[in-house]
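Computed from the coordinates by the stated procedures, all read-outs in this text should not be read as laboratory data. Please read all numbers here as calculations on a predicted model, not as lab measurements. Every residue, glycine among them, receives a Cβ derived from its backbone with ideal geometry; neighbour counts consider all protein chains shown.
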Amino acid sequence: MLPAPKPVVNPDTAEFWKATAEGRFLGRRCDDCGEAIWYPRPICPFCHSANTRWEEFTGLGSVYSYSVVHRAGGEWKGVTPYVLAYVELDEGPRMMTNIVDCDVDEVAIGDKVEVVFEDTGDGNALPRFRPVQSQSAQSQTAQSQTA
Amino acid sequence: MNANDAAVIIGAYEHPGRELPDKSLAQIHAEVAIGALADAGLTLDDVDGFFLGHDAPGYGGGWVSMAEYLGLRSLTYMDSTESGGASPIYHVSHAAAAIAAGKCNVALITLAGKPRTGIQPGGGGPLRPEDSFEMGMFTGAGLVSTYALAAQRHMYEYGTTSEQLAEIKVAATIHASHNPNAFLQKVMTVEDVVNSPLVADPLHRADCCLVTDGGGAVVVVSREVARSLNRQPVKILGQGEAAKLTDGGRVDLTYTSAVQSGPRAFEQAGVTVNDIDYVSIYDSFTITVLEILEDLGFCEKGEGGRFVMDGTLVAPHGRLPFNTDGGGLSNNHPGHRGGITKIIEAVRQLRGEANQGVQVPDCEIALVHGNGGDLGTRMRSATMILGRDA
Ligand SMILES: [Zn+2]
């Protein structure tokens with residue numbers, strides 16, 4: 001498990017962090033220009049409208065770039081190697097995050113990933129991403145669990 | 001009158017130290033200030049403009065505490081523009097603008113740090129709005145790993161290789177071997193670089209800049225003051241600034257804000273890439289240099305890897321000699337900030353005072369480029385084109 005410290009919640013992001021406790025991944029959408037906004041904030045950085053709202057994002061995306069980190073400091077020193085990445089969300093924005101539940105040597109640009117929430121123990125969770133199992137791999141897992 | 005015609009660089013000084021456990025941070029600022037003023041034939045009593053970034057210790061973004069420490073009594077203009085390691089390159093052009101506007105006549109710009117043997121200030125202050133989503137404690141992101149994200153994507157899109165990035169480090173080590181003050185004296189090969197330990201894939205230890213104590217300073221003065229001094233001035237021909245931010249999450253890691261700051265500087269200077277004899281390019285990491293060379297137009301986007309091969313960057317006879325002091329990769333990266341040494345080496349080249357073995361023959365026009373911030377997230381660029389005074 002990677003370190004999961006509690007986030008700093010402010011009025012811009014309180015709703016986002018609250019939803020993480022329920023396993024929902026929220027983003028911000030501008031109703032004037034239609035763009036999806038990351039990181040969440042109330043004023044649209046594209047058209048500068050205040051006419052923005054929360055939207056439940058799919059939590060699906062693909063790896064835009066990644067790095068397998070071999071040297072790190074602090075709490076992260078003990079969890080190398082781990083994967084730092086940008087995930088391009090299906091809604092458009094690219095967010096910095098970690099790829100987890102994976103073989104670090106197998107991660108590649110373009111991999112399909114899905115959000116997972118890692119509990120901070122403080123009533124919210126950090127959004128991270130794991131590889132989407134292919135259909136056949138999923139059914140194999142299901143079979144092995146049945147067996 | 002073009003603001004840049006009103007002012008010239010007249011003094012430059014790099015601290016010879018790379019490990020300074022017995023000096024305070026303020027003392028290093030003071031020593032480089034006195035050094036650059038002495039190079040110009042001036043003293044602290046002549047200074048009326050003071051420019052520093054947040055590497056300076058103390059109150060007011062540094063300048064209040066440092067002005068007091070130094071005993072600067074005649075200040076009429078102060079600027080603490082903070083743009084990471086690129087700050088001093090901003091400061092030179094801001095000083096030129098202030099001089100052109102009649103706000104000051106002798107502008108002092110200092111940078112110093114002691115991350116090797118002490119504590120480096122800066123980076124504090126209130127939490128930024130994006131922090132909970134990307135700062136190191138939540139993602140394990142560090143400076144090396146975020147630059148690694150940029151390198152990985154550049155490799156994916158353009159086929160750039162670790163061996164090509166290594167060529168940049170090799171050129172820097174060749175230059176450093178001619179510099180008696182350089183931290184790294186040993187010439188490295190491509191194999192040495194790619195066989196150094198991976199810090200954050202695909203960046204190796206040798207792809208990263210040095211951690212050194214030290215600093216440097218430059219002095220910008222009005223043409224009138226320069227005429228009264230017996231020192232060769234360096235002309236400021238053009239300058240451009242730009243920022244590239246995360247744009248609502250539409251991050252593109254394959255280019256930097258040099259794509260905007262570069263053309264602004266070239267246009268003001270009235271020159272093209274073909275006129276540039278020497279470049280000081282910000283070299284926090286090898287990938288930083290590669291992307292900036294593309295973005296400034298020295299080669300096509302994506303061609304940087306091929307461009308840097310075959311000794312292109314090696315002085316004195318490569319097509320585009322770069323960072324002939326050894327740069328941040330091999331000479332000095334004081335306080336994690338490479339801006340001041342980039343200016344100083346360009347000044348040396350234009351005055352014909354570079355180290356023997358790396359002086360570019362007939363060096364008339366030099367380009368200095370600084371990248372402040374992070375290739376992996378948000379950054380600011382400053383490009384400056386300097387000319388030998390006739
Ligand atoms: Zn909008």
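A simple rule links phi to the HN-Hα coupling: the Karplus curve 6.51 cos²θ - 1.76 cosθ + 1.60 with θ = phi - 60°, which for the stretch A:4-11 gives 9, x, 6, x, 8, 8, 9, x Hz, with x for Gly and Pro. Pairs of alpha carbons in the stretch B:20-65 separated by more than 13 Å make up 61% of all such pairs.
If you run the Gaussian network model on chain B, springs between alpha carbon atoms under 10 Å, then out of B:Ala315, B:Ala150, B:Ala200 the most flexible one is B:Ala200. Bridgeable aspartates and glutamates around B:Lys23 (alpha carbons under 20 Å apart, same-chain partners fewer than 8 residues away excluded): B:Glu14, B:Glu31, B:Asp55, B:Glu68, B:Asp213.
Once the Kirkwood radius over Cα pairs is known for the stretch B:87-211, the Stokes-Einstein relation at 10 °C and 1.306 mPa s delivers a diffusion coefficient of 87 µm²/s. Adding -39500 (n - 2.57) for every DSSP H run of four residues or longer, then dividing by how many residues chain A holds, sets the calculated 222 nm ellipticity at -3500 deg cm²/dmol.
Hey, got the average number of other protein chain Cβ atoms within 10 angstrom for residues in B:141-152?
Averaged over the peptide's residues, the number is 6.
Can you flag which of B:Lys244/B:Lys342; B:Lys235/B:Lys301; B:Lys169/B:Lys244; A:Lys6/A:Lys77; B:Lys103/B:Lys235; A:Lys18/A:Lys112 are past 28 Å Cα-Cα? Walk me through the intermediate numbers first.
Values: B:Lys244/B:Lys342 21 Å; B:Lys235/B:Lys301 30 Å; B:Lys169/B:Lys244 26 Å; A:Lys6/A:Lys77 19 Å; B:Lys103/B:Lys235 19 Å; A:Lys18/A:Lys112 26 Å.
Beyond 28 Å between Cα atoms: B:Lys235/B:Lys301.
Above 30 angstrom, tally the Cα pairs of the protein assembly as shown and express them as a % of all pairs, no decimals. Pairs farther apart than 30 Å: 51 percent.
For the options B:Leu165, B:Leu237, B:Leu229, a Gaussian network treatment of chain B with springs between C-alpha atoms closer than 10 Å singles out B:Leu229 as fluctuating the most.
Kirkwood hydrodynamic radius of the stretch B:327-388, from the reciprocal of the average inverse Cα-Cα distance over all distinct pairs: 12.7 Å.
Taking Cα atoms only, the orientation of helix A:135-146 departs from the longest principal axis of chain A by about 60 degrees. Computed from the C-beta positions of A:Val8 and B:Asp22, the FRET efficiency with R₀ = 35 Å rounds to 0.35. Evaluating kT/(6 pi eta Rh) at 20 °C and 1.002 mPa s, with the Kirkwood radius of the stretch A:10-57 over Cα pairs in the Stokes-Einstein relation, gives 200 µm² s⁻¹.
So what is the calculated 222 nm ellipticity per residue for chain B, using -39500 (n - 2.57) for each DSSP H run with n of 4 or more, over all residues, to the nearest 500 deg cm²/dmol?
Counting only the DSSP helices, I get -9500 deg cm²/dmol.
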